[in-house]
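To start, the structure itself, in structure tokens.
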Amino acid sequence: MSMQLLRLEVNGRTHEVAAPGSALLLEVLRDPLGLTGTKQGCDGGECGACTVLVDGQPRLACITLAASVQGRQIETIEGLAQAGRMSRLQQAFHEHLGTQCGFCTPGMVMAAEALLRREPNPDKAQIREALAGNLCRCTGYVKIIESVQAAARHTP
């Protein structure tokens with residue numbers, strides 16, 4: 001297994017990591033970078049638990065080669081909070097009960113963040129479409145959609 005030095009821009013910081021050429025972004029984020037908010041769910045791009053943003057667009061980290069995102073801006077759930085304070089979207093998920101067990105929440109939040117950046121005032125259909133690749137086993141999605149709507153109402 002040949003190792004290569006990867007230079008990744010994650011949450012505004014540059015990281016140099018030695019990893020196999022076949023390393024997935026999810027693997028590199030979780031270990032060695034220790035960013036465990038990105039969850040490993042299905043390992044096949046089906047559930048969305050591993051959603052991160054690459055250059056502002058949702059990307060499934062479990063099917064993305066880490067080497068393919070060198071030189072691009074990667075954002076994880078940990079990068080949304082600023083100075084120890086939750087983002088407006090994270091706060092809305094907390095206040096409007098958009099989580100149950102919380103396993104899918106990081107991926108849901110990242111997919112919703114991408115939506116709100118391109119469409120600050122989405123309707124329910126747009127929210128459903130943006131979250132269509134993210135599965136939740138605990139809810140009926142009502143509270144998740146309400147959380148995204150609440151964050152949109154409080155967009156600066």
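Just the number, please: carbon plus sulfur as a percent of the accessible area of segment 87-136, 1.4 Å probe, no ligands or DNA/RNA counted. Please list the in-between numbers first.
Values: 1220 of 2440 Å².
Carbon and sulfur atoms account for 50 percent of the accessible area of segment 87-136.
Which FRET efficiency value, to the nearest 0.05, is calculated for Ala83 and His154 with the Förster distance at 25 angstrom and r the Cβ-Cβ distance?
It comes to 0.90.
Give the accessible surface of the chain per residue, rounded to a whole number of Å², with probe radius 1.4 Å and ligands, DNA and RNA excluded.
52
Using the Karplus equation 6.51 cos²θ - 1.76 cosθ + 1.60 (θ = phi - 60°), what ³J(HN,Hα) coupling, rounded to whole Hz, does each residue of segment 96-113 give in order, writing x for Gly and Pro?
Whole-Hz 3J(HN,Hα) from phi for segment 96-113: 9, 6, x, 10, 10, 6, x, 5, 7, 4, x, x, 4, 4, 5, 5, 5, 4.
Taking θ as phi - 60°, what are the ³J(HN,Hα) couplings along segment 26-35 by the Karplus curve (6.51, -1.76, 1.60), each to the nearest whole Hz, with x for Gly and Pro?
4, 4, 5, 4, 6, 8, x, 6, x, 8
When the accessible area of segment 1-85 is split by element with a 1.4 Å probe, what percent falls to carbon and sulfur?
Roughly 46 percent of what the probe reaches on segment 1-85 is carbon or sulfur.
So, counting K/R as plus one and D/E as minus one, what does the shell of residues with Cβ under 9 Å around Asn11 add up to?
The answer is -2.
Just from its helices, what would the mean residue ellipticity at 222 nm be for the chain, if runs of 4 or more DSSP H residues each count -39500 (n - 2.57) and the sum is divided by every residue, rounded to the nearest 500 deg cm²/dmol?
-8500 deg cm²/dmol
How far, in degrees from 0 to 90, does helix 142-153 lean away from the longest principal axis of the Cα atoms of the chain, to the nearest 10?
Orientation of helix 142-153: about 90 degrees from the principal axis.
Around Ile77, under 10 Å between beta carbons, what's the net of Lys plus Arg minus Asp minus Glu among the other residues?
Neighbourhood net charge equals -2.
Please report the spacing between the Cα centers of segment 1-21 and segment 133-156 in Å, no decimals.
33
Note down the accessible area of Cys42, probe 1.4 Å, to the nearest 10 Å².
Spelled out: Cys42, probe radius 1.4 Å, area about 60 Å².
Rounded, prolate or oblate for segment 29-69? Axes are the square roots of the Cα gyration tensor eigenvalues, ordered a ≥ b ≥ c, and the cut-off for rounded is a/c under 1.5.
Note, shape of segment 29-69 comes out rounded.
Using the Karplus equation 6.51 cos²θ - 1.76 cosθ + 1.60 (θ = phi - 60°), what ³J(HN,Hα) coupling, rounded to whole Hz, does each residue of segment 53-70 give in order, writing x for Gly and Pro?
Once θ is set to phi - 60°, the couplings for segment 53-70 become 9, 10, 6, x, 10, x, 9, 7, 5, 6, 10, 10, 5, 4, 4, 6, 10, 4 Hz.
For a quick check of understanding: with a 1.4 angstrom probe and all protein chains in place, what accessible area in square angstrom does Lys39 have, to the nearest ten?
Rounded to the nearest 10, the figure is 50 Å².
Would you please give the FRET efficiency between Arg117 and Ser2, computed as 1/(1 + (r/R0)^6) with r the Cβ-Cβ distance and R0 = 30 Å, to the nearest 0.05?
In this case the efficiency is close to 0.20.
The values are calculated or read from the model by the stated rules, or taken from the named source; none is laboratory data. Everything quoted here is computed from the prediction, not taken from an experiment. Reconstructed Cβ throughout: ideal geometry from the backbone, glycine too, with neighbour counts over all protein chains shown. Side chains included, ligands, DNA and RNA excluded: accessible areas come from the protein's heavy atoms. Shrake-Rupley method; radii C 1.70, N 1.55, O 1.52, S 1.80 Å.
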